[in-house]
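Handing you this structure, nothing more for now.
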């Protein structure tokens, strides 16, 4: 018997006497409030447990021999597609003029609506053909010889008229696509550099009239991952009474995003500094939009992780237990308050 009594003393949940187990309306109200509170907190804790969080780590970039994809989507509202070209130069000495692989351009009317599409290489190919044709052709007189020396023939004159008409109509151009460049420092720029200089002079009557106003819809160095922010997205630079060269100095940071499913996404994030150089009367260059990029030697690894189940159980017990204890205290306070209000006054009884 002594052993049983000792074990009973260890019971942390003693049974209350029957007269203390009274059901009241105030107790019911507190119970409903407590149940609703516990259900709400349980849902919050469950959502918190199921939601992943990210951990950032840094290490030395060991990648070699890979290409760097550059996603471009830029609108030039004041320049027709026939005069725009995309050129790329890198530190390895590779220089590509008017890239045409996976690069497209959309003709836009004065309202910004799409009116046609074509490859960016069309203009330069026509220019090269016209230039070669000039050198192969017989020169009959001195005037024709001068025209062919300058690379200006009937085809070029037709193009000049076409572009001037497009400028008069307020045509613009959207350049979009993917540039696959070497994984070294370099730059790519969008300008009228693909034009023969004499053709460009005929079209614009000087570099100051080349309006390189632009809107960057998307510029990224690889696929997007959750939470990424590309600082140039949505950037608009509009020129009104001047012209010049825009330069964006970009620091590219190699990034790996590891999903909770163990899938790995290789991409890049970047920071940028902007600089604008207005045209002067002594400049011999043509306005352009330059994107000069350099790669960081550090790789950032972003991992998705989920909180441990034991952490979830610990928080759940604390929340539910605390709510139950608080509801019990509130019930006792309400019972005592009601008893104090309903208890008869001794003085009124004596009278």
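Just grab the label-to-label distance for residue 3 and residue 261, each label 7 Å out from Cα along the Cβ direction, in nm (one decimal).
According to this spin-label approximation, the distance is 5.8 nm.
Right, something else. At 0.36 nm per residue, minus the direct Cα-Cα distance, what do residue 306 and residue 325 gain on full extension? Give it in nm, one decimal, please.
My answer for the length gained is 3.9 nm.
Give me the distance in nm between label points sitting 7 Å out from Cα along the Cα-to-Cβ direction at residue 33 and residue 240, one decimal.
Inter-label distance under the simple model: 6.2 nm.
A short reminder: the numbers here are calculations on the coordinates, not readings from a lab. Quick caveat: nothing in here was measured; it's all calculated off a predicted structure. Neighbour counts run over all protein chains shown; Cβ positions are idealised from the backbone, glycine included.
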